[in-house]
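Down below is the structure, laid out as structure tokens.
The values are calculated or read from the model by the stated rules, or taken from the named source; none is laboratory data. Predicted model only: the values in this text are computed from it and were never measured. Note that each Cβ is placed from the backbone with ideal geometry, even for glycine, and that neighbours are counted across all protein chains shown.
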Ligand code: NOJ
């Protein structure tokens, strides 16, 4: 046990009164270490703390899921200063009551930090992150994160465990839904946008909440797409594919990061000193704090890294994991470990300092109840502008995958429409995984959206057809009968929200249950069919892609799902979303991603021995960046400012894009580069930039990009990040497979 020295006690009384009475006056720099006055306060407070209280700051516990409140034991621990943070305690009233325990009954009155998974909205639920990435619109994505922060903060939350920025190339992995897809460039742009949205630009603004970029790192590379599984990637792939979104989040000022569950080449992230300290703090200059994932400190034993709980505590702390989420290991083990000199108190102090600094930065010592405001909670939650934004971003997230003979958009005055499928009336699925405080009653279903869109004379018939994921065929006949009475069928199929997200991986990716049978039966009626997909990952829809005339990928779009889908179905909105992830033809092709290597025997579709399968082409069903519109765009005049540049020069790339169709539309213009020959092999192409533009009918626009040396550089044979002389291809176009192409050279 640590004995509090008399002078420490004296100092404590003096400094506590200063801390509690003085106004927080630090400049609101995004760098939580920037203010010397905060540093001074942290140091002063630290001198007053017992070791138990210090470890309390590193201890995060969960509230009771059902009540978003705490247990009697937790209350006692708060009073003893043995808890620094909660997750899953929410609501202005609940958080105030819990905060009061810390502020009125604990010795040092250190405020608690309330965290929660506010991943795609708090109560106003927006599209899942994978869907939002289809907008390729960082401004829209920043806005939804801002609104999520406004609502969550009014409900007592200080900190969200988001953005989830894991690059995912394997759709079997259920958590692909939570991130921005397969590409590091798009992923980095979205990561930064979300951090900016959550954290705003003023720490003192009560709607500012801390972000937490997760899961650091390479969690999306879990072998076989199985959650929590091992990862073994080269440092180059780590740096070039998996780390860029984290770097972008850190550069955008994310105050925290979450260590991932997985190991990388034998070292679980929670105990990875190279990752959490060498790279993150040393190389990147990160000044915030790192939280473990749920129980991941304890799981170091199951990994086979730590032989005991105390060893797990030491390894995690030494690596740079500052806060322990729910395993209570720091709290229970580290006092003894410090007293036995198995780990230094300095290391504990360093972690405590990082956590306290964040609490000071947010102004919690001045106003511990800043985020527990029932009046604000009442007025902002589900406010009209928030719901309008949910609809707007949901519209932008929809991807038109197929539209034979311009079946879409539909007329609003059709006589009879059959709306079929197990998800047409579903109020839970559109919320997707990690739906925060979202509620089914807030959701507009596809059926409701369609009903509110069509003319009063249009008859809407409905049949469910089957369930999402069982084998009962009973309803299919009824659905067929209903289809036969209609001019057009809208068939809403896919996954329910529980089929993706954490721990929800799948080995088969076709439509679950008997939905394929439903789709085939309905297509056989000969009626024009529009298939609406609702899902959290690319599905294998090879049969449908061939036989169903129109397909809309709507993912899980949040509370305005039904309205947004109807807006697109009936042409009030021209879809422009593009896929942030490749759609394979078969599970056996996975991992399938556009920025692959060439290999020594690049794929040729003949009977020679090249890198391929005997039974299927290498090509995807839908490539990365793909998405149709109700209009058409043509690309021409791909020009470079120079055909030769020096390694540190930049290059301007321009292209003419014309709306050649009959309606106004948005196009997402994509720029890719290939370094043709390097000291190490390079991907066949890599996204470097993009632009979302709006063009009126017949309008032509010159779109210009600047390629910088940072965009042309890579980690060479010696792992140096540099531009290597040689030839490069530049591609610009509408998706990763349909591109105009030119070349330039980098000279010494
Ligand atoms: C485990 C998940 O991996 C993580 O993403 C989440 O933030 C925590 N649980 C807290 O809910």
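Quick look at the values:
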| quantity | calculated |
| --- | --- |
| Test: residue in segment 130-151 that is within 14 Å of the ligand (Cβ to nearest atom) and buried (at least 24 other Cβ atoms within 10 Å of the Cβ) | no |
| Residue within segment 395-411 that is assigned to a loop (DSSP other than H, G, I, E, B) and farther than 24 Å from residue 579 by Cα present | yes |
| Strands (runs of 3 or more DSSP E) wholly inside segment 642-688 containing at least 3 residues that are touching a residue at least 60 places away in the same chain (Cβ under 8 Å) and farther than 14 Å from residue 703 by Cβ | 644-646 |
| Residues located in segment 261-293, provided they are without any contact (Cβ under 8 Å) to a residue 60 or more places away in the chain, in a loop (DSSP other than H, G, I, E, B) and under 20 Å from the mean Cα position of the chain (by Cα) | 261, 262, 292 |
| Filter result for the condition that a residue is within 23 Å of residue 499 (Cβ to Cβ) and touching a strand residue (DSSP E or B) at 6+ places or on another chain (Cβ under 8 Å), over 114, 161 | 161 |
| Qualifying residue in segment 226-245 (condition: assigned to a helix (DSSP H, G or I) and over 25 Å from residue 717 (Cα atoms)) | no |
| Of all residues making up segment 68-124, the number that are within 16 Å of the ligand (Cβ to nearest atom) and under 30 Å from residue 384 (Cα atoms) | 15 |
| Segment 44-56, subset assigned to a helix (DSSP H, G or I) and touching a residue at least 60 places away in the same chain (Cβ under 8 Å), residue nearest to residue 78 (Cα to Cα) | 56 |
| Residue in segment 412-423 that is surrounded by the most Cβ atoms within 10 Å (Cβ to Cβ), counting only those that are over 26 Å from the mean Cα position of the chain (by Cα) and assigned to a loop (DSSP other than H, G, I, E, B) | 421 |
| Scan of segment 358-373 for residues that are touching a strand residue (DSSP E or B) at 6+ places or on another chain (Cβ under 9 Å) and farther than 18 Å from residue 200 by Cα, ordered by number | 372, 373 |
| Residues of segment 295-325 classified as in a loop (DSSP other than H, G, I, E, B), without any contact (Cβ under 8 Å) to a residue 60 or more places away in the chain and within 16 Å of the ligand (Cβ to nearest atom), total | 4 |
| Of all residues making up segment 326-350, the number that are surrounded by 24 or more Cβ atoms within 10 Å (Cβ to Cβ) and either free of Cβ contacts under 8 Å to residues at least 40 places away in the same chain or over 23 Å from residue 47 (Cβ atoms) (or both) | 3 |
| Residue in segment 211-218 that is away from the ligand (no atom under 13 Å from the Cβ), buried (at least 20 other Cβ atoms within 10 Å of the Cβ), within 16 Å of residue 142 (Cα to Cα) and outside the structural domain of residue 579 (by TED's automatic domain parsing) present | no |
| Residue within segment 673-682 that is crowded, with 21+ Cβ neighbours inside 10 Å and over 25 Å from residue 188 (Cα atoms) present | no |
